[in-house]
Amino acid sequence: MAFKEIDLNMGPQHPSTHGVLRLKLAVDNEVVLRVEPVIGYLHRGMEKLWESLTYTQVVPLTDRLDYIASLSNNLGYVLAAEKLAGIDVPRRARWIRIVLVELQRLASHLAWLGFMANDIGAMSVLLYGFEARETVLDLFEEYCGARLTIHGIRIGGVPRDIDAAFAVRVRKVLDGIPKWLGDIRALLDENRIWKQRTVGVGRIDAADAVAYGLTGPSLRASGVDWDMRKALPYSSYDEFDFEVPLGRNGDVYDRYLVRLEEINQSIRIVRQALDGLPEGEFSAKVPRVLKVAPGEVFHTIEAPKGVLGFYIKSNGTDKPERVKMKSPSFINLQSLEHMCKGNLFSDVVGILGSLDIVLGEIDK
Amino acid sequence: MTPFVADVLIPAGKIVAVILYPMVMVVVMIWLERRVVALIQGRLGPNRVGFQGIAQPVADALKLFFKEDIRQRQADAFLFNIAPILVMFSSLLAFCFVPLGEPIRIGTYTLTLWIAESPVGLLIILGLSSVSVFGVIFGGWASNSKYPLMGALRSVVQVLSYEIPLGLTVLTVAFVARSMDLVEIVRRQESAGVWYGFLMPVSFVVFWISAVAETNRAPFDLPEAESELVAGYHTEYSGMKFAFFYMAEYAHMVLVSSLVVLLFFGGWLPPLGGVKALAFLHAVPGFVWYLVKIMFFLYLYVWIRATFPRYRFDSLIRLVWKWLIPLSLLNFLAIALVRFLL
Amino acid sequence: MPDAASDRFEIRQAVDQLSARFPGEVLAVAVEKGETAVHLGKKGLILVLRFLKEELGFNALEDIVVLDNLRTAAEGGPRFTVLYQVGRFPAAVRLRLAVAVGEDEILDSAVPVYRSADWAEREAYDMFGLRFDGHPDLRRIYMPEDFEGHPLRKDFPLQGRDGGV
Amino acid sequence: MSRLKRFLKMAFLVDILQGLGVTLRLYFSRKVTVEYPEEVQEPAERFRGILRLHRDEKGEPLCIACKACQRACGTNCFDIEGKREDGAKIMRPTKFDWKLDRCSFCGFCVEVCPTSAIRFSREFRLTGTEKEGLFFRLPDMYLAGEDLQTHLCAGCRRPR
């Protein structure tokens, strides 16, 4: 009896909150044969827009790429622009940026934890993850007035200084996060249903992961020790002491554990940054109309989703000639098919969740 | 007590009561579910419509009543329409055999708190609950589209394979109580002084797990839950037909909870009934105890749903064939051995 | 703060080995702002990529960037420049390969060497109209299938064409 | 030894009971729901709400129609014209059109305004039913509170 392959359609109105993604699946009674992601539903033509805006006007647009972690998009673009224009950022500004970006990584991982758990069925973890995330967003609202599209990092430094009162509130929030993590880990870590849905599911070994260009926590879960904050330190990350958590067999469970451990490491970094905040200016003097001599630069940072790169080419005017963004989720999504092959089609949901992709960043 | 009243009015009253009882319990259950899941997740839940949101399910039902009831052109008309009726019918009919308390003597007339008492009441309830499986198959197949068909097949396999441990554990209770009559079983528990739930904990746990799986409830709600892919057998339904499926699922849950209470936790008996010091507990009517116990189990349903992730389908089936069925068999043998020796 | 990775010994050694192995191909080497860019001829691209990956251990093709030199190119100069951003990790060595491509010339696809080039090349085709020979499934990735024109080209109007999809 | 321990844990549903314990404790935890619109949670001090023009103490508009904000804006929401009455030293805006539906709240205009005439308010209720409600002319830029709501959406605000 020749088996009849069924093609199924998942999305684009995918209820989980990755954004607008459509998966074309070919399934042989429950076992996944082929997965073809269809993207482009959220394409806003960012790179075309950037060519008609000045260097500073591009920054608020980068908020809308990975809208779960807008501050790290800002940092990625701003570091590339500063390297191109040769602007030296004062040390205090770099440290404040690290406080903001690591808090943003924390918030992004908490959002991911909620989405993934909800996809696999643990609906309450979504609310717990978001309650913890809201405390971090309150800090951003207090710092520069916005919670999601924050636009909290400018070319040359940061918009505002950090005072002692703000540092106290940040420490209070940091003390609250482990309590939430404790609850969530008690609910999930040793739970037989959770482990049965995640251990050994969606495996990718180190060699394939590197071949597919996977980056970020998903790559480190396969045991490849490659974190841009350690490999190519930027914005004085080399002055901080933190570990890079690694997984062993690159399945959904390891990706879950690696991101949880990264939350703890981010807390550690923010504490160190607050304790040793150097004196000095919180922003360099940047001319209002920033004209940049012709040149090109490619700079990468370790965003919560993976390695986020910006290539900028200047032509001497105040508007960039070309800005190309290397999106981590765009490359990571390519390895979804490899991870899903051989698994059951009810696992595709969990595997997609463990990849932590955001469609705003994929579609640009 | 003229015969007219005894033979017509009271039975008619009881029939209306049996129809209303699950309906009211369903409304309470829908509200309880949304409220408890909300409270567990740190939010308030519905508290606007009516007092503390109790009228929310009524509003939902009303909305569903006026919603357009679409049917696919290629859907098989007869089966498509009969499916929700079958599912609803089997749940409501089963409620006729659920005794709510000891018969009450009013003057010369004894009012029995159930419609029908039969020596094999237990079997009838189990039989009726598997009739609803037909509703699921017809609903899924008649919708003539991929997702409902797969959802229906999955639900059927799950319900059928979980009926085996369910049956076996019910067998142990009937074996110990030497009768299939629910009222008899409760009286046996009263005379034995201990509830079967504590006497045979393994039977209770296996029964409860199979009951949760039987009603397609979390963490076994895979066929329905993957709304993005397989929305379960009632994907193509809308309006009142969907409301029927929805209410039937909750009615099925209430039915199974009352079964658990009757078989394992001594129906309408006050807790620690035998202890002389707590004799005043008997003053409270049996029906109240019965309701309190059912509410606990309904709460347990929602509590489990809010806590655990979903099982994947293959391990859900492996669980029942590799663990629950052998366990219930062993348990049955053990109890038979103990009874034989005593 | 120039990128420390570039003036390290490995990068100069890699570039020297590259020019030794492919004398005809390597047209120019530029070090700017701490980054090394190697200009290559179109033909030897895949051989260079394979050499970099297999012998020199450049295990990551991080990004493929396409530049439209409609206004900046000299008369008759190449319309597009395609940049291949390759890197070796975790040793953190980074190199940029630049290839000049005319408007309707066809490049060899890098997918046989770097699996992650698949979508990057589809995006280059969708946005600029560059064709890659040997690509498993060269289709548009962002725009709908029946969209005419390539949005990121300099001559494509910013507000898009009215009536367009 | 750990295999036996693991088997016992699995047999006596330890992980299941532990999970139920956590949700039971959280069942009695503090609820975070803010019952809008009865309770309104005030946004932070530096919250970036709707942009408002301001007047100095004597009631004179601060805006000198220098169009710095118009140039700084990335999504060109502004359309300003100014005139200097004869004899007056500073220009005054005669036309100040601002499109709320284009604004991305990036804050460049506030930073670049020499007389800090335009600033963020803490008003976050910005919904309207017609496009006209989202288009602000010079007088509308000074509205706040209830009159702002009536401008934004003429009929739809339920009487509070």
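The values are calculated or read from the model by the stated rules, or taken from the named source; none is laboratory data. Every value quoted in this text rests on a predicted model; they were computed, and no experiment measured them. We place every Cβ from the backbone using ideal geometry, glycine too, and count neighbours over all the protein chains shown.
Scanning region D:1-43 for residues that are in contact (Cβ under 8 Å) with a residue 40 or more places away in the chain and surrounded by 14 or more Cβ atoms within 10 Å (Cβ to Cβ) yields a total of 1. Can you tell me which residues in region B:291-319 are of a type in the set (S, T, N, Q) and free of Cβ contacts under 8 Å to residues at least 12 places away in the same chain? Of everything in region B:291-319, just one residue is of a type in the set (S, T, N, Q) and free of Cβ contacts under 8 Å to residues at least 12 places away in the same chain, namely B:S315.
Residues considered: D:L62, D:L51. Of these, the only one that is in contact with a His (Cβ under 7 Å, 6 or more places away or on another chain) and at pLDDT 90 or above is D:L62. What number of residues in region A:253-308 are closer than 15 Å to A:A221 by Cβ, more than 14 Å from chain C (Cβ to nearest Cβ) and either of a type in the set (F, W, Y) or not in a loop (DSSP other than H, G, I, E, B) (or both)? Residues meeting the conditions: 12. Restricting the first member to region A:41-58 and to residues that are more than 8 Å from chain D (Cβ to nearest Cβ) and more than 12 Å from A:L290 (Cβ to Cβ), and the second to residues that are crowded, with 17+ Cβ neighbours inside 10 Å and among the charged types (D, E, K, R), the beta-carbon pairs closer than 6 Å and six or more apart or on different chains are A:L42/A:D363; A:H43/A:D363; A:M46/A:K364.
Remark: pairs (first residue in region D:121-146, modelled with pLDDT under 90; second residue of a type in the set (S, T, Y); Cβ separation under 7 Å; 6+ apart in sequence or on different chains) = D:A144/D:S121.
Among residues of region D:100-112 that are more than 7 Å from every other protein chain (Cβ to nearest Cβ), those with a Cβ under 8 angstrom from a residue that is hydroxyl-bearing (S, T, Y) and surrounded by fewer than 19 Cβ atoms within 10 Å (Cβ to Cβ), sequence gap 6+ or separate chain, pair up as D:R102/D:T75; D:C103/D:T75; D:V110/D:S116.
The lone criterion from (1) surrounded by 22 or more Cβ atoms within 10 Å (Cβ to Cβ); (2) touching a residue at least 60 places away in the same chain (Cβ under 8 Å) left unmet by A:R185 is number (1). Could you tell me which residue of region A:115-139 is surrounded by the fewest Cβ atoms within 10 Å (Cβ to Cβ), considering only residues that are within 27 Å of A:V99 (Cα to Cα), at the interface with chain B (Cβ under 9 Å from one of its Cβ atoms) and not aliphatic (A, V, I, L, M)? Residue satisfying both the conditions and the ranking: A:E131.
Does B:F4 meet the test of being over 23 Å from B:S258 (Cβ atoms) and in contact (Cβ under 8 Å) with a residue 40 or more places away in the chain? I'd like the intermediate steps shown before the answer.
Details: over 23 Å from B:S258 (Cβ atoms): yes; in contact (Cβ under 8 Å) with a residue 40 or more places away in the chain: no.
Spelling it out, it is not the case that B:F4 is over 23 Å from B:S258 (Cβ atoms) and in contact (Cβ under 8 Å) with a residue 40 or more places away in the chain.
All conditions but one from (1) touching a residue at least 60 places away in the same chain (Cβ under 8 Å); (2) in a helix (DSSP H, G or I); (3) not polar (S, T, N, Q) apply to B:P219; the one that does not is (2). State whether the residues of region A:198-216 include one that is among the polar types (S, T, N, Q) and within 25 Å of D:S29 (Cα to Cα). The answer is no; no qualifying residue exists. For region C:58-95, the candidate set comprises residues that are of a type in the set (D, E, K, R) and under 24 Å from C:I11 (Cα atoms); within that set, the residue that is farthest from the other protein chains (Cβ to nearest Cβ) is C:R88.
Could you tell me whether region D:51-62 includes any residue that is under 18 Å from the mean Cα position of the chain (by Cα) and aliphatic (A, V, I, L, M)? Let's see the steps before the verdict.
So in region D:51-62, the residues under 18 Å from the mean Cα position of the chain (by Cα) come out as D:51-54.
Next, only the ones that are aliphatic (A, V, I, L, M) stay: D:51, D:53.
Yes, region D:51-62 has at least one match.
When you check B:K67 against the structure, is it surrounded by fewer than 12 Cβ atoms within 10 Å (Cβ to Cβ) and more than 30 Å from B:T108 (Cα to Cα), yes or no? Spelling it out, it is not the case that B:K67 is surrounded by fewer than 12 Cβ atoms within 10 Å (Cβ to Cβ) and more than 30 Å from B:T108 (Cα to Cα).
Filtering C:R139, C:R161 for residues that are surrounded by fewer than 19 Cβ atoms within 10 Å (Cβ to Cβ), of a type outside the set (S, T, Y) and touching a Gly at 6+ places or on another chain (Cβ under 8 Å) leaves a single hit, C:R161.
Note on region A:132-243: enclosed helices (runs of 4 or more DSSP H) holding 2 or more residues that are among the polar types (S, T, N, Q) and at negative phi are A:192-198. A single entry from B:V275, B:V260 fulfils the requirement of being among the β-branched types (V, I, T) and touching a helix residue (DSSP H, G or I) at 6+ places or on another chain (Cβ under 8 Å): B:V260.
Among the listed residues B:A251, B:A279, identify the single one that is in a helix (DSSP H, G or I), modelled with pLDDT under 85 and closer than 27 Å to B:I185 by Cβ. Spell out how you get there, then give the answer.
Values: B:A251 fails: modelled with pLDDT under 85.
Answer to the selection: B:A279.
Consider D:A117 carefully, then state whether it is surrounded by 13 or more Cβ atoms within 10 Å (Cβ to Cβ) and more than 30 Å from A:T62 (Cβ to Cβ). No; evaluated as a whole, the condition is false for this residue.
Please verify whether C:V111 is under 23 Å from C:K53 (Cα atoms), more than 8 Å from chain A (Cβ to nearest Cβ) and within 13 Å of the chain's Cα centre (by Cα), treating the condition exactly as stated.
Numbers: under 23 Å from C:K53 (Cα atoms): yes; more than 8 Å from chain A (Cβ to nearest Cβ): yes; within 13 Å of the chain's Cα centre (by Cα): yes.
Answer is yes for this residue.
If you scan region B:284-317, which residues turn out to be in a helix (DSSP H, G or I), away from chain A (no Cβ under 14 Å) and of a type outside the set (F, W, Y)? Walk me through it before giving the result.
Residues of region B:284-317 in a helix (DSSP H, G or I): B:286-307, B:313-317.
When the remaining residues are screened for being away from chain A (no Cβ under 14 Å), the result is B:286-301.
Answer for region B:284-317, where residues must be in a helix (DSSP H, G or I), away from chain A (no Cβ under 14 Å) and of a type outside the set (F, W, Y): B:G286, B:V288, B:L291, B:V292, B:K293, B:I294, B:M295, B:L298, B:L300.
Between C:A120, C:A98, which is facing chain A (nearest Cβ under 10 Å), in a strand (DSSP E or B), of a type outside the set (S, T, N, Q) and under 15 Å from the mean Cα position of the chain (by Cα)? Lay out the reasoning, then the answer.
Numbers: C:A120 fails: in a strand (DSSP E or B).
After ruling out the rest, the residue left standing is C:A98.
Residues that are aromatic (F, W, Y) and more than 30 Å from D:A144 (Cβ to Cβ) were ranked within region D:17-59; the one that is farthest from the other protein chains (Cβ to nearest Cβ) is D:F28.
Return a yes/no flag: does region C:35-44 have any residue that is more than 14 Å from chain A (Cβ to nearest Cβ) and among the polar types (S, T, N, Q).
First, pick out the residues of region C:35-44 that are more than 14 Å from chain A (Cβ to nearest Cβ): C:40-44.
So of that shortlist, the ones also among the polar types (S, T, N, Q) come out as none.
No, there is no match, as no residue in region C:35-44 is more than 14 Å from chain A (Cβ to nearest Cβ) and among the polar types (S, T, N, Q).
Out of region D:72-85, which residues are crowded, with 16+ Cβ neighbours inside 10 Å and under 17 Å from D:A117 (Cα atoms)? Matches in region D:72-85: D:A72, D:C73, D:C77, D:F78, D:I80, D:G82.
Could you check how many residues of region A:330-360 are part of a helix (DSSP H, G or I) and away from chain C (no Cβ under 11 Å)? Let's see the steps before the verdict.
Step one: filter region A:330-360 for residues part of a helix (DSSP H, G or I), giving A:330-340, A:347-355, A:359-360.
Then drop every residue that is not away from chain C (no Cβ under 11 Å), which leaves A:336, A:339-340, A:347-355, A:359-360.
Total meeting the criteria: 14.
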